[in-house]
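Presented below is the structure to which this report refers.
What follows draws every value from the coordinates through simple rules; no lab data is involved. Values in this document were obtained by computation on a predicted structure and should not be read as measured data. Quick reminder, even Gly has a Cβ in these numbers, built from the backbone with ideal geometry, and neighbours come from all protein chains shown.
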Amino acid sequence: MLRNRVKELRARHGFSQSELANYVGVARQTIGFIERGEFSPSIALSLRLAKYLEVRVDELFWLEGEDDNDKK
Amino acid sequence: MTMTKNDFRVKFPLWNIALYSILMIWAYSVVYSADMLFTDFAGVFDGEDGINLDTIAVLSFFAGPLLLIIFFIAYFIQLNRHNENNPNNRMSAFSLFKPGEFIEFDELFSQVTQNASKKVYVFYSQMLPLVVLLMFFPFNRYVFIVAILLLIIIQNLIYYRHMRSFVSH
C-alpha cells in the first residue's frame, strides 16, 4: 500500500483540499482519496503534488513497510 | 474543482432511467398499434360500440409522447445550465460514442468510471443469458421489451450508485 504525507504537508502550507486540487488540476475528492491512501496517483500527478508541496516525490510517497520514520 | 452529487454528469444515469421508463410506457401502445396493423385491425371493429380498443394502449399512446416532450424540455434546460456553469466540461446533447455519464476529468474519476463500467459489464454478462431464457417462452413482445428496458434501467442504477458513493466523500 502506498503511504503519503500529503495531508500533513498540505496543512503545513495552509492549503485546503480544494486549493491543492485546483493547483494540480484534479477534483477535491481526488486529494481526499489520496490522503486516505485509497487512491494511488499517477507519476505525473505525484510530481505535480510534490512540486506544490515543495518536497521530492520520494519524501511525499513511499511504500508501506519502508521505514516510515525516515519520512518525518 | 469539487464534484458534487448534484452535478448533471453524476445525475445523468437518473435522466437515462427517466427516459427509458417513459419509453416503457409508450412501448405498450406502439406494440399494440403494430399488432393492429399487422393483423389488419382484427377484433378492433367487432365491439358493440363499433370500435374495440385497449384503454391502456390508448392512454399510453397519448401519454408517451407527452411525457417525452416534457422530458426533453427539462433535459435541455438542465444541459444548458450545466454547460453555462461548466464551460470547460461541456456536454453535447447526443453523444453516441462517449456517454454523458462518463466522468473522466481527472485520474480518480477515470478509474471510478472504469470500475462502474466493470460492474455494469458483470451485470450484463449475468443477466443477458436469463433474457435469452425468457425469450423461449411465448410471451407478448411487450414483455421482452420491458425486460430489456428494465436491464437498461438497472444498469443505470448500478452506475449511478457507484459514482455517487465517490462524490459523496
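Which residue, B:102, B:152, A:61, has the largest displacement toward the positive end of the dipole of the protein assembly as shown when charges sit on each Cβ (Lys, Arg +1; Asp, Glu -1)?
Toward the positive end, the furthest listed residue is A:61.
Given labels modelled 7 Å from the Cα in the Cβ direction, how far is it in nm from residue B:89 to residue B:119?
Result for the modelled spin labels: 1.9 nm.
Could you please tell me the mean projected area of the C-alpha convex hull for chain B, averaged over all directions and given in square nanometres to one decimal? Display every interim value, and only then the final one.
On the way: hull surface 49.1 nm².
In nm², the orientation-averaged hull projection of chain B is 12.3.
Given Cβ point charges of +1 (Lys, Arg) and -1 (Asp, Glu) and nothing else, what value in debye, to the nearest 20, does the dipole of the stretch B:42-143 about its Cα centre take? Walk me through the numbers on the way to the answer.
On the way: 6 positive and 9 negative charges, 92 e Å.
Its charge dipole is roughly 440 debye.
What's the magnitude of the charge dipole for the protein assembly as shown around its Cα centre, counting Lys and Arg as +1 and Asp and Glu as -1 at the beta-carbon? Answer in Debye, nearest 20.
On the way: 23 positive and 24 negative charges, 188 e Å.
Around 900 debye, computed over the protein assembly as shown.
Viscosity 0.890 mPa s, temperature 25 °C: what is the translational diffusion coefficient of the protein assembly as shown from Stokes-Einstein with a Kirkwood Rh over Cα pairs, rounded to a whole number of µm²/s? Before the final figure, lay out the partial values.
Values: Rh = 21.9 Å.
Estimated via Stokes-Einstein, D reaches 112 µm²/s.
Could you list the trypsin sites (Lys or Arg not before Pro) in the stretch B:81-138 that lie in coil according to DSSP, counting only those with at most 15 other Cβ atoms within 10 Å of their Cβ?
On the way: sites: B:81, B:90, B:118, B:119; in loops: B:90.
Hits after loop and neighbour filter: B:90.
Report the Cα centroid-to-centroid distance between the stretch B:8-61 and the stretch A:23-68 in angstrom, as an integer.
55 Å
Nearest 500 deg cm²/dmol is fine: what mean residue ellipticity at 222 nm does chain B get from its DSSP H runs of n ≥ 4 alone, each adding -39,500 (n - 2.57), divided by its residue count? Please report the intermediate quantities before stating the final value.
Numbers: 4 runs with 117 residues, N = 169.
Taking each H run of at least 4 residues, the total per residue is -25000 deg cm²/dmol.
Let me know the charge dipole size of chain A about its Cα centre in debye, to the nearest 20, where only the beta-carbon of Lys, Arg (+1) and Asp, Glu (-1) is charged. Write down the numbers at each step before the final one.
Numbers: 12 positive and 12 negative charges, 67 e Å.
In total the dipole reaches around 320 debye.
Over the alpha-carbon set of the stretch A:2-56, work out the extent along each principal axis and list the three values in angstrom, largest first.
Largest first, the stretch A:2-56 extends 23, 23, 19 Å along its Cα principal axes.
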